[in-house]
1. Could you tell me which of the residues THR133, THR92, THR88 is at pLDDT below 90 and not small (Gly, Ala, Ser)?
2. Any residue that is part of a loop (DSSP other than H, G, I, E, B) and surrounded by fewer than 12 Cβ atoms within 10 Å (Cβ to Cβ) - is there at least one of those in segment 123-134?
3. Taking into account only those residues within segment 73-115 that are assigned to a strand (DSSP E or B) and among the basic types (Lys, Arg), which is nearest to GLY49 (Cα to Cα)?
4. Please state which of the following conditions LYS39 fails to meet, knowing it meets all the rest: (1) assigned to a loop (DSSP other than H, G, I, E, B); (2) of a type in the set (D, E, K, R); (3) loosely packed, with under 14 Cβ neighbours inside 10 Å.
5. Only residues in segment 136-150 that are under 11 Å from THR126 (Cβ atoms) and surrounded by 12 or more Cβ atoms within 10 Å (Cβ to Cβ) count as the first member; pair them with residues that are at pLDDT 90 or above and of a type in the set (Asp, Glu), Cβ under 9 angstrom, at least 6 apart or cross-chain, and list the lot.
6. Among the listed residues GLY52, GLY20, which satisfies the condition of being surrounded by 10 or more Cβ atoms within 10 Å (Cβ to Cβ) and assigned to a loop (DSSP other than H, G, I, E, B)?
7. Quick check: is even one residue across segment 64-72 farther than 30 Å from LYS108 by Cβ and either basic (Lys, Arg) or assigned to a loop (DSSP other than H, G, I, E, B) (or both)?
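The values are calculated or read from the model by the stated rules, or taken from the named source; none is laboratory data. All values reported here derive from a predicted model rather than from experimental measurement. No Cβ is skipped: glycine too gets one built from the backbone with ideal geometry, and neighbour counts run over all protein chains shown.
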Amino acid sequence: MNLSNLKPAEGAVKRSKRIGRGAGSGKGGTATRGNKGAKARSGYHAKIGYEGGQMPLYRRVPKFGFKNINRVEYVGINIDTLNDLAETKNITDFNIEVFKQNGLISGKDRIKILGRGELAKSVNVTAHAFSATAKKAIEEKGGVATIIEK
């Protein structure tokens, strides 16, 4: 075997349909497009979602609700998570850098401290928002809850 006698497997290559090449070809005349109408003409393009006059899907399906463009998304971090970090890694000051280093947030996430769990020792926390119970829990242990203004 060499490059001069290589060829594809039997049946692997099909010849293309040569349409519109005269009546003798069997595909002349209408060139497999049927008779008349928009689809038989050149330049035909159906609109996206058009279903031939049937009520299209995007109008059959009910719509509800809305997307608030002013919504501010927060990543919630609970008190028990802070307590675990404080005990295992001996951290007392929590800020954005500490949360990023420990994989709790990424990029420009905003942080909200939530109130699930209890603190064993005093910690200082800097975040974008605090729930009332979280702020109370931090301050009861002698810690400081500082809000970042953004």
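1. Criteria check complete, one pass: THR92.
2. Step one: list which residues in segment 123-134 are part of a loop (DSSP other than H, G, I, E, B), which gives 123, 128, 131.
Filter once more, so that each one left must be surrounded by fewer than 12 Cβ atoms within 10 Å (Cβ to Cβ): none.
Within segment 123-134, not a single residue is part of a loop (DSSP other than H, G, I, E, B) and surrounded by fewer than 12 Cβ atoms within 10 Å (Cβ to Cβ).
3. Among those residues, the one meeting the criterion is ARG110.
4. (1)
5. ALA145/GLU139
6. GLY20
7. Looking for residues that are farther than 30 Å from LYS108 by Cβ and either basic (Lys, Arg) or assigned to a loop (DSSP other than H, G, I, E, B) (or both), one finds at least one in segment 64-72, hence yes.
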